[in-house]
1. Among the residues of the stretch 192-202, which ones are outside any loop (DSSP other than H, G, I, E, B) and either more than 18 Å from the chain's Cα centre (by Cα) or closer than 16 Å to residue 37 by Cβ (or both)?
2. Scan the stretch 89-105 residue by residue and report those that are surrounded by fewer than 16 Cβ atoms within 10 Å (Cβ to Cβ) and part of a loop (DSSP other than H, G, I, E, B).
3. Consider the stretch 12-48. How many of its residues are modelled with pLDDT under 95 and in contact with a helix residue (DSSP H, G or I) (Cβ under 7 Å, 6 or more places away or on another chain)?
4. Considering the stretch 119-147 alone, what residues qualify as being in contact (Cβ under 8 Å) with a residue 24 or more places away in the chain, assigned to a helix (DSSP H, G or I) and more than 11 Å from the chain's Cα centre (by Cα)?
5. Would you point out which residue out of 245, 215, 189, 170 is in contact with a strand residue (DSSP E or B) (Cβ under 7 Å, 6 or more places away or on another chain), at pLDDT 95 or above and either within 30 Å of residue 29 (Cα to Cα) or assigned to a helix (DSSP H, G or I) (or both)?
6. Of all the residues that make up the stretch 106-118, how many are free of Cβ contacts under 8 Å to residues at least 40 places away in the same chain and either in a loop (DSSP other than H, G, I, E, B) or within 15 Å of residue 50 (Cα to Cα) (or both)?
7. What about residue 178, is it at pLDDT 95 or above, in a loop (DSSP other than H, G, I, E, B), closer than 30 Å to residue 68 by Cα and within 18 Å of the chain's Cα centre (by Cα)?
8. Give just the number: which of (1) loosely packed, with under 15 Cβ neighbours inside 10 Å; (2) within 15 Å of the chain's Cα centre (by Cα) does residue 83 not satisfy?
């Protein structure tokens with residue numbers, strides 16, 4: 001081999017060694033207390049006014065949370081993403097996974113939610129929403145001590161796979177699914193039996209209308225991020241679960 005060929009081969013080898021050595025460091029996930037996927041129903045049963053009330057509710061929730069980063073003990077540090085979902089092939093990450101570890105980053109995340117436009121208005125595919133959210137948590141750039149899908153909806157599944165198997169797969173992967181259901185009290189039992197898990201500590205909250213959504217989602221995110229509530233507070237069996245969620249909502253009214 002000529003000197004020129006040897007030198008070229010050596011350069012290639014050294015470059016390969018360097019890439020191999022730095023690749024693991026580049027791929028290392030960021031450790032956080034929580035990975036929170038906010039899965040928001042934007043199906044056709046939700047009109048434009050109701051969608052705007054939902055979006056404003058999430059903005060308000062993170063704006064309210066922001067000052068707590070200055071005083072929280074231990075310090076808050078979590079990752080969150082906003083996912084809009086509707087029918088079977090209609091899921092979109094509207095706000096990408098973001099590290100939220102300061103007042104500024106919480107306010108910036110709130111602003112990103114406020115700028116996220118509505119992409120769908122179709123059927124209600126709860127199972128597909130869980131599948132998408134689970135994949136999003138398992139394949140982001142973070143690793144959380146806790147992993148939560150926070151799903152909000154005003155309806156039961158009417159498109160795509162039933163949510164039970166996606167729910168079970170998420171729970172098996174170490175993901176907790178909590179829900180906020182809107183308007184229809186019968187949905188509390190449906191989401192308890194088919195969507196949330198594991199029980200405990202997973203829970204369902206209920207809000208009677210979209211006007212109350214902001215207060216409800218603010219309290220729910222506070223519980224998930226700042227002071228996770230033991231499952232026993234919410235769940236003493238499926239029937240009591242419905243009553244507990246309703247009482248929680250009435251305290252917010």
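1. Residues satisfying the conditions are 193, 197.
2. 89, 102
3. Number satisfying all stated conditions: 0.
4. Selection gives 126, 127, 128, 131, 138.
5. On the way: 245 fails: at pLDDT 95 or above; 215 fails: in contact with a strand residue (DSSP E or B) (Cβ under 7 Å, 6 or more places away or on another chain); 189 fails: in contact with a strand residue (DSSP E or B) (Cβ under 7 Å, 6 or more places away or on another chain).
Of the residues listed, the single one that is in contact with a strand residue (DSSP E or B) (Cβ under 7 Å, 6 or more places away or on another chain), at pLDDT 95 or above and either within 30 Å of residue 29 (Cα to Cα) or assigned to a helix (DSSP H, G or I) (or both) is 170.
6. 2
7. Spelling it out, it is not the case that residue 178 is at pLDDT 95 or above, in a loop (DSSP other than H, G, I, E, B), closer than 30 Å to residue 68 by Cα and within 18 Å of the chain's Cα centre (by Cα).
8. Going through (1) loosely packed, with under 15 Cβ neighbours inside 10 Å; (2) within 15 Å of the chain's Cα centre (by Cα) one by one, residue 83 breaks only (1).
The values are calculated or read from the model by the stated rules, or taken from the named source; none is laboratory data. Please read all numbers here as calculations on a predicted model, not as lab measurements. Because the Cβ atoms are built from the backbone with ideal geometry, glycine has one as well, and the counts that use them run over all protein chains shown.
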